[in-house]
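Everything on this sheet refers to the single structure shown next.
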């Protein structure tokens with residue numbers, strides 16, 4: 001899954017329309033392979049974002065769960081921790097690679 005798209009279901013407070021739009025925008029950017037469409041593709045790009053945002057809103061409104069709502073701050077902290085671990089692993093790998101090159 002794209003790391004910029006965060007789970008929006010079962011949050012307290014519930015996901016906003018802006019969050020649905022932001023997730024749709026990230027999804028369309030990923031699928032299109034571009035962060036900004038050309039002028040020729042702007043209308044179809046914007047329409048895709050709008051339609052996916054609407055579908056996301058409907059999905060979130062209609063999903064049913066018995067799980068207690070997730071705390072936004074706790075979920076954000078978990079995401080930050082995973083990101084820190086990922087970037088630390090990359091940093092260590094790059095450091096080891098540089099050290100190996102230096103001894104070769």
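Taking label positions 7 Å along the Cα-Cβ direction at both residue 98 and residue 72, the computed distance is 3.9 nm, reported to one decimal.
Our estimate of slack between residue 46 and residue 16, defined as 0.36 nm per intervening residue step minus the Cα-Cα distance, is 8.9 nm. Using C-alpha pairs below 8 Å separated by at least 6 residues, the relative contact order for the chain is 33 percent. From its DSSP helices (H runs of at least four residues, each -39,500 (n - 2.57)), the chain gives a residue-normalised ellipticity at 222 nm of -23500 deg cm²/dmol.
The angle between the Cα long axis of helix 72-103 and the longest principal axis of the Cα atoms of the chain comes to about 30 degrees, rounded to the nearest 10.
No value in this document is a laboratory result; all are computed from the given coordinates. Just so you know, these numbers come straight off a predicted model, no measurement behind them. Cβ sites come from the backbone with ideal geometry, for glycine too, and all protein chains shown count toward neighbours.
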